[in-house]
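Colleague: Got a structure for you, questions after.
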Amino acid sequence: VSAQGGDTNVVVRLGINSNNSEKFLTPPIKLAGTVRDARGRAVAGVKMFMYSYQTGSLTSQTDSNGRYEFTWQKRLNNEETEWLLSRDLSNNSAAVHQIDETTTNLDLPLQDGLTLSAKVSDTDGLLLTNATATVTLWHGNRGTVINPEPVTADDGGILRIPALPQRERY
């Protein structure tokens, strides 16, 4: 928008887009499934994260029947990897699974999760109880922060990030 000297009002018209990005995307893809514990029982309240190059991070939570659902789009001719992460914080269990545009139904079996922990102190050894941290999960050459809110150290200066999938790169 260009304005001339002395102009006090500028009108911006929304809704007109000269670049139609839809032609570069797949039709919406619906992905659904059930999260189950090690014994095969559906688990309610599991935090769900779907990571896509096009849509970024989508979040959800399993319902009372352990079901989840995402709707997303993939950029055409894109080699990026999309993946789904489930974290049951109360039972320290997790699952991660690579997906693509053909994945429409995926049940996820949870496995024992890892807990990353660190003791935080200053250079004099004084514990820092106000320190915060996030963790990045790496798939290929792309990393994504997987805990949306930073974790704060406890009164003993310990940071704990539970329910991380095993055999992954952080």
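The values are calculated or read from the model by the stated rules, or taken from the named source; none is laboratory data. Note that this is a predicted model, so its numbers are computed, not measured. We place every Cβ from the backbone using ideal geometry, glycine too, and count neighbours over all the protein chains shown. Heavy atoms of the whole protein, side chains included, go into the accessibility calculation; ligands, DNA and RNA do not. Shrake-Rupley method; radii C 1.70, N 1.55, O 1.52, S 1.80 Å.
Colleague: I need the strands (runs of 3 or more DSSP E) fully contained in the stretch 104-145, keeping only those with at least 3 residues that are on the phi < 0 side of the Ramachandran plot, of a type in the set (A, V, I, L, M, F, W, C) and modelled with pLDDT of 90 or more. Lay out the reasoning, then the answer.
Modeller: On the way: elements: 114-119, 136-139, 142-145.
Those strands (runs of 3 or more DSSP E) span 114-119.
Colleague: Considering Ser52, Ser57, which residue is at pLDDT below 90, open to solvent by 10 Å² or more (accessible area, probe 1.4 Å) and under 13 Å from the mean Cα position of the chain (by Cα)?
Modeller: Working: Ser52 fails: open to solvent by 10 Å² or more (accessible area, probe 1.4 Å).
That would be Ser57, the only listed residue that is at pLDDT below 90, open to solvent by 10 Å² or more (accessible area, probe 1.4 Å) and under 13 Å from the mean Cα position of the chain (by Cα).
Colleague: Could you go through the stretch 105-117 and let me know if any residue there is farther than 26 Å from Lys30 by Cβ and hydroxyl-bearing (Ser, Thr, Tyr).
Modeller: yes
Colleague: Among the residues of the stretch 112-170, which ones are within 27 Å of Ala38 (Cα to Cα) and open to solvent by 80 Å² or more (accessible area, probe 1.4 Å)?
Modeller: Selection gives Asp112, Ser117, Trp138, Pro148, Arg160, Arg167, Arg169.
Colleague: Taking into account only those residues within the stretch 74-103 that are hydrophobic (A, V, I, L, M, F, W, C), outside any loop (DSSP other than H, G, I, E, B) and touching a Phe, Trp or Tyr at 6+ places or on another chain (Cβ under 7 Å), which is surrounded by the most Cβ atoms within 10 Å (Cβ to Cβ)?
Modeller: Kept after step one, since they are hydrophobic (A, V, I, L, M, F, W, C), are these residues of the stretch 74-103: 76, 83-85, 89, 94-96, 99.
The next check asks that each one be outside any loop (DSSP other than H, G, I, E, B); those that pass are 83-85, 94-96, 99.
From what is left, the residues that are touching a Phe, Trp or Tyr at 6+ places or on another chain (Cβ under 7 Å) are 83, 85, 96, 99.
Numbers: Trp83: 18, Leu85: 24, Val96: 21, Ile99: 20.
Only one residue fits best here, namely Leu85.
Colleague: Determine which single condition Thr71 fails, assuming it passes every other condition in (1) open to solvent by less than 80 Å² (accessible area, probe 1.4 Å); (2) assigned to a strand (DSSP E or B); (3) of a type outside the set (Phe, Trp, Tyr).
Modeller: (1)
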